[in-house]
Structures are given as structure tokens and as C-alpha cells.
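Enquirer: Below is the structure I would like to discuss, written out as C-alpha cells.
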Amino acid sequence: MFQRRVPLVRLLGFEIRFDLTWLIVVALIVWTLSAGYFPAAYADLPASTYFWMGIVGAAGLFTSIVLHELAHSVVGRRLGMDIHGITLFAFGGAAELSEEPATPRVEFLMAIAGPLMSIALAALFYLLGLALAAAEVAEPMVTVLGYLSAINVLLVVFNLLPAFPLDGGRVLRAALWAWRGDVDWATRIASMVGGAFGLGLMLLGVLAALRGNLLGGVWWLLIGLFIRATAAASYQRLRMHHMLAGISIRRLMRDQPIVIAPAASAAELVEDYLLGRSLKRVPVVEDGRYLGHVGVEEVKALTPQERSQRLVRDIMVPAEPDNIIALEAAAADALAQMQRTGHGRLYVVDGTRLAGVLTLGDLLKYLSVAAELQGNARGPGGMRGHAGSGAG
Ligand SMILES: [Zn+2]
């Protein structure tokens, strides 16, 4: 889902990064606060003061969201979950999991940690505001703190709506899961509620836009769309992992792939491999050992003269943990790795020896056949079209 993530800072061992969509939203929030919200809440201040209030307000909101996600992440890590980091994007933040929680208890504790943190922050900002007001200092800051307290309450209310994948939806799923012991069923119900809720938000957005609140309306419409897509993708992802359970990579990979030697020239690569066999990427192998891969992307950066002079060794992308997977790994792990790294093609290694290549396409082909054999009886209608949406 997140393609252009920029690392920002490391906190408590978690990498905090942001998606470029977040920057647009930060600018929008500063503008809305300094041009609309704060002048309405506290009149007759100079424009520069409103601007600074907007900056401080946006920074406080940003910090609140990071702390909310950190609470999820710290509790998750303590309970043994593997968390890759926190991404901030247009509609808030997300702690990234590479696996589903193992038990309803883990799911519940992890889900509730974020809203509890936001409640604590709301109280903290409220008390700070009271203290500043009593001391009669920095009065514009009292307004900013009031805003931050209110926005944290709003975050709690919104996130606790029982709509998966929001925190409240995760609590709902944990409860259903604990009740019947069937995570598949619990996810399906929670996702359906999430989808319905997303649709409701979209309708509210359209109504608001028709009544003249265009910006707010479009915003709710987008959030509704986002929740619907995420609810469908979360359910689909779970279903995919279940269908891949117990399937080994060995069964789905292509063995004996066409390989190129590191001493080959870039010109040979183009003529004999890329054009000659219609390949986009070729693994680089020497004495059976996997060294890296090379393809259209690397060649495109070269001038015609460089193509005749450079060797594959010089231009290849060297092997790195994100690109390779062990032959003994499970297919579900391969899918999780593709989802996490955005690499749709993994080189399967047996020690250092290249054993084969596994692509997202190979996994999806298997999944579509398996889903067809299962019939659609167990899944809600219309979700099959989203099979790839969890892979971005
Ligand atoms: Zn949360």
C-alpha cells in the first residue's frame, strides 16, 4: 500500500516513516488551523501568531498520532509480534505487522493500547491547558492545548468505532474470535461491518459536499473509501495466508531459471537475454552461487557506449535479504515478505545456491485456483477482485 515511504526517525527501536501523502495533509492541517480554526476560537491575534499556532497544533497532532501508534507497537512487541515500523500517511498512522496476532488476547491488548494512549494524551493536554490558563501565561497556547485535547478525544471516538481495520473493529474481531474460536469467521464479520461503515462515511461525505462543505465532504468520502478498501484487503490477505498454510515454496517456485554469468557484458545481456528471451530480469549466478539480479532497469541507465563496455557484475543489484528467501520457507512467509518489501519477485536460495525464482504472479495463480476449488461459499461476494490489493 505504501510505495514512497521516507524514513523520519527511530523511536524505541521502531522506524517511523511517512508516505508522501502525509506531507500534503500536514500542509492542509496547518492551513486549516491557522486560517480557520484558531482565528474562530481566539479572535484578534496577528496573522503570524495564528500561523505559529497552526504549526504547533499540527506538530502536536502529528506527535499524538505517533504516540498512539507507538503504544500499539510497544504492546505488540511485548506480546511477541513482529512489527516493522510505523508509517504515517494521509489518513493517520499504521503500525505494520508481518503476521496476524496469534490469539484474541494479543489482538485485543494491542488494539486497545492505542486508544488508551490517546485518552492519556487528551487528559494531559487538557491539564496543561488548565495550568497555563490559571497562570495567565501564553494564552494562545491555551487554545492550542484545548485543540489538541479535543482532537485526541476525537481520535479515540473514531478509532473505537467497531469497523475493522480500525482499533474498535480489531476489538470486535478479538471478541468474536474469542467467542467462537474461528479467526476466519471473526475477520469476515468485522470486515463486513468495516465495509458497511466505510460506505456510511462515503454517503455522509457526499451529503456534506452537496450541502456546500466540499472539502470536508471529499475528505469523508476518501476516508470511507480507504476503510472499505482496507477492510476488504485485510480479509483477503487473511484468506490468502490460510490458503497458503502448509504449502512450501518448493512447490510453487520455478526451478532451473535462466541465469547469466557476472562476466557477461551488458550488450550480451540485452541481446541474448532481455530481447533474445523476452526477459525483464535475470538472476546473476557464478558456480551455482546467487550473486544478485540484473535487468531492464539497470540497462536503461547506461549510454550505448557503456552497454558495450560494462559487465553484468558492475551493474547488477547485489543479493540482499529483501530479495531472497530460503528454500525451506513457507509460501505464506514469501507472501508476507513481498507485501512488506514491495518486491514481487524473490530469489529462492538453498544456502548460497540459487534454487529457483518465486513471483507474486506464481502465488496469485495458485491462490486463484485454490479459491476456485473452495468455491466462494466462505467469502463475502465481490472480494475476489481484491486479491492483489494487499500486496502493494
Ligand atoms: Zn490505533
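The values are calculated or read from the model by the stated rules, or taken from the named source; none is laboratory data. Keep in mind it's a predicted model, so treat the numbers as computed, not measured. All Cβ positions, glycine included, derive from the backbone under ideal geometry; neighbour counts span all protein chains shown. Each accessible area value is taken on the protein alone, full model and side chains, heavy atoms only, with ligands, DNA and RNA left out. Shrake-Rupley method; radii C 1.70, N 1.55, O 1.52, S 1.80 Å.
Enquirer: Starting from the 7 Å offset along Cα-to-Cβ, what nm value, one decimal, do you get for the label separation of ARG77 and TRP185?
Expert: A separation of 3.6 nm, rounded to one decimal place.
Enquirer: Here is a follow-up. Which value, in debye to the nearest 20, gives the size of the charge dipole of the range 249-368 about its Cα centre, when Lys and Arg are +1 and Asp and Glu are -1 at the Cβ? Intermediate values should be presented prior to the final figure.
Expert: Values: 15 positive and 16 negative charges, 68 e Å.
Here the range 249-368 has a charge dipole of around 320 debye.
Enquirer: Could you give the length gained on full extension between ALA245 and ALA178, defined as 0.36 nm per residue of separation minus the Cα-Cα distance, in nm? If you can, show how the numbers build up before the last one.
Expert: Values: separation 67, 0.36 × 67 = 24.12 nm, distance 2.15 nm.
Difference between extended and current length: 22.0 nm.
Enquirer: Pairing the Cα long axis of helix 331-341 with the longest principal axis of the chain, what angle in degrees results, from 0 to 90 and rounded to the nearest 10?
Expert: Roughly 60 degrees between the two axes.
Enquirer: Now, a different point. Can you bin the range 200-302 into rounded, prolate or oblate? Criterion: square roots of the alpha carbon gyration tensor eigenvalues sorted a ≥ b ≥ c, rounded for a/c under 1.5, prolate for a/b above b/c, oblate for the rest. If you can, show how the numbers build up before the last one.
Expert: Working: a/c = 5.25, a/b = 2.10, b/c = 2.50.
In terms of gyration-tensor shape, oblate.
Enquirer: Would you mind pulling out the separation of the Cα centroids of the range 161-194 and the range 22-71, in Å?
Expert: When both Cα centres are located, 34 Å separates them.
Enquirer: Size of the dipole of the range 1-141 about the Cα centre, Lys and Arg at +1 and Asp and Glu at -1 on the beta carbon, nothing else charged, in debye to 20?
Expert: Working: 7 positive and 11 negative charges, 52 e Å.
Charge dipole, the range 1-141, about its Cα centre: 240 debye, nearest 20.
Enquirer: Counting Lys and Arg as +1 and Asp and Glu as -1, each charge on the Cβ, what is the dipole of the chain about the Cα centre in debye, to the nearest 20? List each step's numbers first, then the result.
Expert: Details: 32 positive and 31 negative charges, 173 e Å.
Its charge dipole is roughly 820 debye.
Enquirer: Now for a separate question. Roughly how many Å² is the accessible area per residue of the range 249-368, as a whole number, for a 1.4 Å probe? Numbers along the way, then the final one.
Expert: On the way: 6130 Å² over 120 residues.
In whole numbers, the range 249-368 has 51 Å² accessible per residue.
Enquirer: Between ALA131 and LEU215, what's the calculated FRET efficiency when r is the beta-carbon distance and R0 is 35 Å? Round to 0.05.
Expert: On the way: r = 34 Å, r/R0 = 0.98.
Once the sixth-power term is evaluated, E becomes 0.55.
Enquirer: Charges on Cβ only, +1 for Lys and Arg, -1 for Asp and Glu, centred on the Cα centroid of the range 249-368; of LEU367, SER265, GLY342, which one is farthest towards the dipole's positive end?
Expert: Ranked along the dipole, the leading option is LEU367.
Enquirer: GNM on the chain, C-alpha springs below 10 Å: top fluctuator among VAL296, VAL75, VAL153?
Expert: VAL296
Enquirer: Next question. Using a Förster radius of 45 Å, what is the FRET efficiency between LEU222 and LEU373 based on their Cβ-Cβ separation? Nearest 0.05, please. List each step's numbers first, then the result.
Expert: Numbers: r = 37 Å, r/R0 = 0.82.
It comes to 0.75.
Enquirer: From the phi of every residue in the range 29-39, what ³J(HN,Hα) in whole Hz does the Karplus formula 6.51 cos²θ - 1.76 cosθ + 1.60 yield, where θ is phi - 60° and glycine or proline is x?
Expert: My calculation for the range 29-39 gives 5, 4, 5, 4, 5, 7, 9, x, 5, 5, x Hz in order.
Enquirer: While we're here: At a 1.4 Å probe radius, carbon and sulfur cover how many percent of the accessible area of the chain? Could the numbers behind the result be given before it?
Expert: Working: 12260 of 19520 Å².
C and S atoms contribute 63 percent here.
Enquirer: Angle between the Cα long axis of helix 104-135 and the longest principal axis of the chain, 0 to 90 degrees, nearest 10?
Expert: 40
Enquirer: Ordered by residue, what ³J(HN,Hα) values in Hz, to whole numbers, does the range 193-210 give under the Karplus form 6.51 cos²θ - 1.76 cosθ + 1.60, where θ = phi - 60° and Gly and Pro are x?
Expert: My calculation for the range 193-210 gives 4, x, x, 5, 5, x, 5, x, 4, 4, 5, 4, x, 5, 4, 4, 5, 5 Hz in order.
Enquirer: Just tell me the longest site-free run in the chain, where the sites are trypsin sites (Lys or Arg not before Pro) in a DSSP loop having at most 16 other beta-carbon atoms within 10 Å.
Expert: Formally, the longest exposed-site-free interval is 5-210.
Enquirer: How large is the helix-only mean residue ellipticity at 222 nm for the chain, computed as the sum of -39500 (n - 2.57) over DSSP H runs with n ≥ 4, divided by its residue count, in deg cm²/dmol to the nearest 500? Please report the intermediate quantities before stating the final value.
Expert: Working: 14 runs with 220 residues, N = 392.
After summing the helix terms and dividing by residue count, I get -18500 deg cm²/dmol.
Enquirer: Give the ranking of TYR50, TYR42 by solvent-accessible surface, highest area first, calculated with a 1.4 Å probe.
Expert: On the way: TYR50 20, TYR42 60 Å².
Putting TYR50, TYR42 in descending order of accessible area: TYR42, TYR50.
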